[in-house]
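The structure under discussion appears below in the form of structure tokens.
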Amino acid sequence: MSDIPRVALVTGGSRGIGRAVAERLARDGFAVYLTYVSRPEEAEKTVAAIVAAGGQAKAFQLDSADSEAIAAFFANEIKDKVSLEVLVNNAGITRDGPLIRMKDEDFDKVLAVNLRGCFLFLREAAKIMMRQRQGRIINMSSVNGQTGNAFQASYSAAKAGLIGLTKSSAQELAVRGILVNAVAPGYVDTEMTAVLPEEVTKKFTEAVPLKRPATPAEVAAAVSFLAGPDSTYITGQVLAVNGGLYM
Ligand code: NAP
């Protein structure tokens, strides 16, 4: 057997959903490469938890909005060094607010991280996976990309765009054995949602037929399925993990 590590790359894998995905894919047998931007201590905690459980992980500070840094990362850390089997485009941010007061720079930043960043990672990963003639790419969209949401125009636009990116790249890359899907979580208990006012989270919980937020591990289970050996004929799909929340 080859000694080249079978890597799953998880952007924003340092905390929240990304951490749960990183831990789950490590349990599934992948060496996990995770990225973060601002909180190295959280990234190190995730790496330590994976290593303590007997897995392999490395953390990289890599801003999803920085195209040059992403190209350099693929050249220096991935190409000809590891077998890149899975990319999970998970890093994401919000800059919510009323549409008419949304600043250009906030709109641009949300698009840069949540959509353009996913494209940049997908493009670099696809070059490598095409040569391998196999690979799985999973993009973290959101129910808001399917339904829209008041006060989240930039975020919803980015997450809807990610569904278009998923479907287009799935069609283009299928011939090379690369499967591209999206996961669309509903309301998940993470730091991203912890900042919401209590009345908003109460409203979200009431709207969910299962009457509770998802745990990050429940989202990670869907990613694990799409990355794993039981989903060889699924591509271009959006797997909703939303507790029955419907449009
Ligand atoms: P979170 O707790 O805020 O974690 C965000 C992660 O992304 C962190 O690891 C963060 O790293 C990283 N990150 C942020 N900006 C980055 C950048 N420019 N470059 C690289 N990494 C960056 O968020 P979450 O709730 O786990 O959400 C994860 C994904 O799921 C996002 O795409 C989000 O839109 C999506 N989602 C979340 C929910 C929900 O209810 N929570 C629902 C639907 C979809 P640092 O710690 O270094 O900043």
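The values are calculated or read from the model by the stated rules, or taken from the named source; none is laboratory data. Quick caveat: nothing in here was measured; it's all calculated off a predicted structure. Here the Cβ positions follow ideal geometry from the backbone for every residue, glycine too, while neighbour counts run over all protein chains shown.
From the list R131, R136, R101, R123, pick out the single residue that is closer than 20 Å to Q237 by Cα, surrounded by fewer than 19 Cβ atoms within 10 Å (Cβ to Cβ), at pLDDT 95 or above and of a type in the set (K, R). Of R131, R136, R101, R123, the one residue that is closer than 20 Å to Q237 by Cα, surrounded by fewer than 19 Cβ atoms within 10 Å (Cβ to Cβ), at pLDDT 95 or above and of a type in the set (K, R) is R123.
Here T205 does not qualify as at pLDDT below 95 and either more than 15 Å from the ligand (Cβ to nearest atom) or touching a helix residue (DSSP H, G or I) at 6+ places or on another chain (Cβ under 7 Å) (or both).
Taken together, A22, A69 contain a single residue that is modelled with pLDDT of 95 or more, surrounded by 17 or more Cβ atoms within 10 Å (Cβ to Cβ) and under 20 Å from A125 (Cα atoms), which is A22. In the set S224, S231, S169, S154, which member is farther than 23 Å from V21 by Cα, touching a residue at least 24 places away in the same chain (Cβ under 8 Å), surrounded by 14 or more Cβ atoms within 10 Å (Cβ to Cβ) and under 19 Å from the mean Cα position of the chain (by Cα)? Only one candidate passes the filter, namely S154.
Residue-wise test of (1) farther than 24 Å from A184 by Cβ; (2) within 12 Å of the ligand (Cβ to nearest atom); (3) of a type in the set (F, W, Y).
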site	(1), (2), (3)
G18	no, yes, no
L34	no, yes, no
V47	yes, no, no
F60	yes, yes, yes
A65	no, yes, no
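Here I93 meets the list (1) in a loop (DSSP other than H, G, I, E, B); (2) within 20 Å of A20 (Cα to Cα); (3) away from the ligand (no atom under 15 Å from the Cβ); (4) not polar (S, T, N, Q) almost entirely, failing just condition (3).
Identify the residue in segment 2-16 that is among the small types (G, A, S) and more than 7 Å from the ligand (Cβ to nearest atom) and, among all such residues, is modelled with the highest pLDDT.
The residue in question is A8.
So, G244, is that one at pLDDT 95 or above, in a helix (DSSP H, G or I) and surrounded by fewer than 16 Cβ atoms within 10 Å (Cβ to Cβ) or not? Considered against the rule, which asks whether it is at pLDDT 95 or above, in a helix (DSSP H, G or I) and surrounded by fewer than 16 Cβ atoms within 10 Å (Cβ to Cβ), G244 comes out as no.
Is segment 43-54 home to any residue that is buried (at least 16 other Cβ atoms within 10 Å of the Cβ) and of a type in the set (D, E)? Step through it out loud before you land on a result.
From segment 43-54, those buried (at least 16 other Cβ atoms within 10 Å of the Cβ) are 43, 46-47, 50; that's our starting set.
Okay, now just the ones that are also of a type in the set (D, E), so none.
No, the conditions are met nowhere in segment 43-54.
Only one of the numbered conditions (1) free of Cβ contacts under 8 Å to residues at least 24 places away in the same chain; (2) within 18 Å of P216 (Cα to Cα) is violated by A160, and that is (2). With respect to the conditions (1) among the charged types (D, E, K, R); (2) in a helix (DSSP H, G or I); (3) within 29 Å of N144 (Cβ to Cβ), E77 lacks only one, and its number is (3).
The set of residues in segment 122-167 being in a helix (DSSP H, G or I), closer than 20 Å to E85 by Cα and small (G, A, S) consists of A125, A126. G29 satisfies every condition listed in (1) within 15 Å of the ligand (Cβ to nearest atom); (2) surrounded by fewer than 24 Cβ atoms within 10 Å (Cβ to Cβ) except (1). The single condition among (1) in a strand (DSSP E or B); (2) over 15 Å from the mean Cα position of the chain (by Cα) that G29 does not satisfy is (1). Residues of segment 167-198 that are within 13 Å of the ligand (Cβ to nearest atom) and of a type in the set (S, T, N, Q): T190, T193.
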